[in-house]
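Here the structure is laid out as structure tokens; the discussion comes afterwards.
The values are calculated or read from the model by the stated rules, or taken from the named source; none is laboratory data. Computed from a predicted model, the values in this text were never measured in an experiment. Here the Cβ is made from the backbone with ideal geometry for all residues, glycine too, and neighbour counts use every protein chain on show. These accessible areas exclude ligands, DNA and RNA; they are computed on the full protein's heavy atoms, side chains included. Shrake-Rupley method; radii C 1.70, N 1.55, O 1.52, S 1.80 Å.
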Amino acid sequence: MSLGNEYLKIVQERFESVKSLGDNTISQLSEEDIHWKLNEASNSVAIIAKHLSGNMISRWSDFLTTDGEKSSRNRDQEFEDDISSKQEMITIWEKGWKTLLDTLNGLESQDLLKNITIRGEKHTVLEAIERQMAHYAYHVGQIVYIGKQLKDENWKTLSIPKGKSEEYLRQKLKKHKS
């Protein structure tokens with residue numbers, strides 16, 4: 001396997017892992033929870049999901065051939081909380097992730113050093129992937145943080161539970177010795 005193919009495999013797994021954090025948070029939230037925000041300067045989970053999807057659809061549609069900022073995108077509208085239900089939000093969320101993951105799956109090693117543009121600025125495909133990974137992880141982190149605050153003691157952890165690090169490490173080491 002080439003370095004490029006290995007990178008594409010790993011980065012797809014990483015995007016799927018970031019998505020999973022969002023999915024597992026959203027599944028814990030109620031219809032009301034997805035619209036909660038701390039203040040007017042903050043975004044709700046619904047707004048963040050809508051923004052991520054809008055970004056993904058714009059950036060990853062016709063990825064190698066057109067600018068990543070599509071004329072059809074209305075970024076400002078992504079920050080309006082007009083989502084009517086949790087199911088609608090999930091549908092929007094899934095559409096963005098499907099666009100991203102399908103595009104990544106279609107890339108080949110030789111594509112990584114090709115140039116693409118985002119808002120007229122040239123990037124290698126590799127740079128664009130890394131740029132979007134950072135952006136999506138940042139926003140999914142916000143979703144997780146909001147979820148943890150809202151669910152409080154009812155939060156189902158998405159990582160190693162507090163006080164269980166040693167036990168987790170022992171299990172991992174035991175599993176990998178075999």
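In table form, for the structure just shown:
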{"item": "Kirkwood hydrodynamic radius (C-alpha pairs) into Stokes-Einstein, the chain, 10 °C and 1.306 mPa s, D in µm²/s", "result": "89 µm²/s"}
{"item": "Cα-Cα over 31 Å, subset of Lys37/Lys95; Lys95/Lys148; Lys151/Lys174; Lys37/Lys114; Lys9/Lys156; Lys9/Lys95", "result": "Lys151/Lys174; Lys37/Lys114"}
{"item": "Lys, Arg +1 and Asp, Glu -1 on Cβ, resulting dipole of the chain about Cα centre, debye, nearest 20", "result": "900 debye"}
{"item": "Heavy-atom accessible area order for Lys19, Lys37, largest first, 1.4 Å probe", "result": "Lys37, Lys19"}
{"item": "Cross-link partners of Lys177 among lysines (Cα-Cα below 21 Å; sequence separation of 8 or more within a chain)", "result": "Lys164"}
{"item": "Relative packing of 89-100, 161-172, 128-139, which averages over residues the other C-beta atoms within 10 Å, highest first", "result": "89-100, 128-139, 161-172"}
{"item": "Average accessible surface area per residue within the chain, 1.4 Å rolling probe, Å²", "result": "60 Å²"}
{"item": "For the range 95-162, the fraction of alpha-carbon pairs in successive 10 Å shells from zero, as %", "result": "16, 36, 25, 17, 6"}
{"item": "Choice from Asp33, Asp67, Asp111 showing the highest fluctuation, given a GNM over the chain with Cα pairs closer than 10 Å", "result": "Asp111"}
